[in-house]
1. Of all the strands (runs of 3 or more DSSP E) wholly in segment A:13-99, which have at least 2 residues that are crowded, with 20+ Cβ neighbours inside 10 Å?
2. Which one of these is in the same structural domain as A:Leu58 (by TED's automatic domain parsing), modelled with pLDDT of 95 or more and in contact with a Gly (Cβ under 9 Å, 6 or more places away or on another chain): A:Gly212, A:Gly254?
3. If we scan segment A:242-251, do we find a residue that is surrounded by fewer than 20 Cβ atoms within 10 Å (Cβ to Cβ), touching a residue at least 12 places away in the same chain (Cβ under 8 Å), farther than 30 Å from A:Ile193 by Cα and not basic (Lys, Arg)?
4. Confirm whether B:Leu119 is crowded, with 19+ Cβ neighbours inside 10 Å, touching a residue at least 60 places away in the same chain (Cβ under 8 Å) and assigned to a strand (DSSP E or B).
5. Which of the strands (runs of 3 or more DSSP E) contained wholly in segment A:136-196 include at least 2 residues that are not assigned by TED's automatic domain parsing to the domain that holds A:Ala53?
6. Can you find a residue in segment A:147-156 that is in contact (Cβ under 8 Å) with a residue 40 or more places away in the chain and among the β-branched types (Val, Ile, Thr)?
7. Testing A:Asp348 on (1) within 12 Å of chain B (Cβ to nearest Cβ); (2) in a strand (DSSP E or B), one condition comes back false. Which one is that?
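The values are calculated or read from the model by the stated rules, or taken from the named source; none is laboratory data. Not measured: the values here are computed from a predicted model. When we count neighbours, we look across all protein chains shown, and the Cβ atoms used for this are built from the backbone with ideal geometry, even at glycine.
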Amino acid sequence: MFVDGRQVPDGTEIETDLAIIGGGAAGITIAREFASTGVRVALIESGGFEFDADTQALYEGEIGGVDYTLDGSRLRYFGGSTNHWGGWCRPLERQDFEKRDWVPHSGWPITRDDLDPYYPRAAEICQLHSTNFDDPQGWPTDTPVEPLPLAGDEVMTRFFIYSPPTRFGEVYRPDIEKAENVSCYLHSNVLEIVPTENAAEVDRLRVATLQGNSFTVKPKTVVLATGGIENARMLLLSNSVATAGLGNQNDMVGRYFMEHPHIPYPADILITDEKLVPAFYRTYTPVEKAVMRGCFMFSPQYLERTGRLGTVMTFYPREEVKTAYTPPKDGDADPDKTAEKRAAHELDAGILQAIRSSTALPAKNDTLGWRFGIGCASEQQPNPDSRITLSEEKDALGLNRTKLTWRLQGSDATSLHQNVRALARAWGGWGEGRIRILFPEREEWTEAEGWGNHHMGSTRMAADARQGVCDADCRVHGISNLYIAGSSVYPTTGTVNPTLTLVALAVRMADHLKTRFANGMPGETL
Amino acid sequence: MADANLSRRNVLILAGAAVAASAIPLAVSMSEPEQIGLENSLTDLMADRDAIALIGRRWMEEGGGHSNVAALSRRIAKKLRAEGWSPDAAPGEARAAMARIVRADFANDDMVLVDNWALSRSCVELCALAALMTEDDAGEGARDGARDGAEGAAAAPHG
């Protein structure tokens, strides 16, 4: 059921078994997993059912590093950032979980095998209608799904499956409404997670609304699921007992913030015949009830051999290249631009003729080939100096705002540049295409061309409390009944969108918590 | 008047020819019969000599290229011969040989950038050869000084 927190009388104390802070993909998933169990759940959500500017403004903050939008990259109402999610789903690669000698601070305390049992359930929750991410021959389609036969072992075709995208707030609202053991408190902001005196266990949550009333939630177990930035902020704000913040005894909370730098034009492709590129590479392609899309990723052996980080690339057709340059129908006001376009066309035509002189067949008509564009998202190396701290500025609730100092590194850029070069080898070696490398080599990377609104890493998992904030079960080191859900626990990011994996982790956490409740140890002392 | 109209290029060619004439016995003995017209055989591999010449020209403008027809011809021919090519090979065989060389270049990361297009070095060398020959055809001699020196003289009997 839903409760408007603004109607809860001042000073009320609510006892519950499980408090979940945040009604986004992770929080709603865990709450649903507990529906119709004997466990009392309080799901505490800052917003209501619709976007509200005053609530959203609680996300505003200070930027210290690479420019970023703190309030524009996430949404603060029921359903969270799934309310603007694009729906791209793919599990992390097996290698993403491993400690890679060439990637400092890499290595999850769990493996892909640990998460594999939960991906199918996550796929169902994200309404994917398939979990066949890697076996295109297994797709139920009359047309064989044949990946491009690119040369070498460096580049591989992989597949995303699309969520509709699932707006968790809309799709799963009825489930929460119906669940008698789940109370979702809307318009309710947790001000602090207050631990016991020894800071070894959560005692209570201080909650307030923008309207001014406040109340307390007394949980046996708490899941913090407020998103990849807010999770760290909430731990840092919870400093009345542990003055550095909860779980921050090793100064790890907020560090290692990572994104997926998105580069809109890292490369161009010239290809002799657009028909060589199956439709599934170019756009969202329905296969029965599922919708998929092919992309390029880099093989584990290539990444290990060369010491690179991963990149995922998609591409799309842009324009036909004919033998002769055709000026725009309405002309071009700028003669210099026309000359530039003509020169570019002539070079394109020359390259296509060169391809057709050796590795491809001669042109049969005046169409020499096609130019395709590429978009990409890249992994960045974990960096302890890329971090979330508290700003001196206060929000409407009187809480310190977020200060985000996002850092990119020259090595991140080198990796991406070299991956584009590997793509050039793969296409050139195949023979039907050539790559124009538009992402330059850089010693430093100080400005982001784009990002994915993927907030990761700032409460990372690690077996060793000195290396991370939470353990392999996502329980905060040193606190017996506080868990963290969401992509903030990722020690490394992989290259693909984080939502499917964070939902899988949420299902896994729900299983873990159910076992704990069943064994009668929701808040045992560590 | 006719003498006065001699271009610098033609003067250099004549000078080169004089040097070449004195070297003919040696040059002929060292040259292989198929090298006669070698550069034409090579650039005939390409579908559109003018179009690919533009790539070669751009490469040279960007500072990456060679400006010597003979040296480029020899370099490319050597690679092609290693793939079983000869100047009288059927077009299909020549294309196949070139394709193998191009693929090997990419496999070996032997790429050059032309306006940031990552291309096979061998292919771009062939484009450069086409560019130099196009210049020759057009009677433009901007690069002739370099080409018509010692190596140009050695190349004279072949062309």
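1. Hits in segment A:13-99: A:13-21, A:41-44.
2. The conditions single out A:Gly254.
3. Checking segment A:242-251: not a single residue is surrounded by fewer than 20 Cβ atoms within 10 Å (Cβ to Cβ), touching a residue at least 12 places away in the same chain (Cβ under 8 Å), farther than 30 Å from A:Ile193 by Cα and not basic (Lys, Arg).
4. The answer is yes for B:Leu119.
5. By residue number, A:155-162.
6. Taking every residue of segment A:147-156 in turn, at least one turns out to be in contact (Cβ under 8 Å) with a residue 40 or more places away in the chain and among the β-branched types (Val, Ile, Thr).
7. (2)
Residues checked against (1) within 25 Å of A:Thr196 (Cβ to Cβ); (2) touching a Lys or Arg at 6+ places or on another chain (Cβ under 8 Å):
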{"position": "A:Arg421", "(1), (2)": "no, no"}
{"position": "A:Arg442", "(1), (2)": "no, no"}
{"position": "A:His455", "(1), (2)": "no, yes"}
{"position": "A:Arg475", "(1), (2)": "yes, no"}
{"position": "A:Gly478", "(1), (2)": "yes, no"}
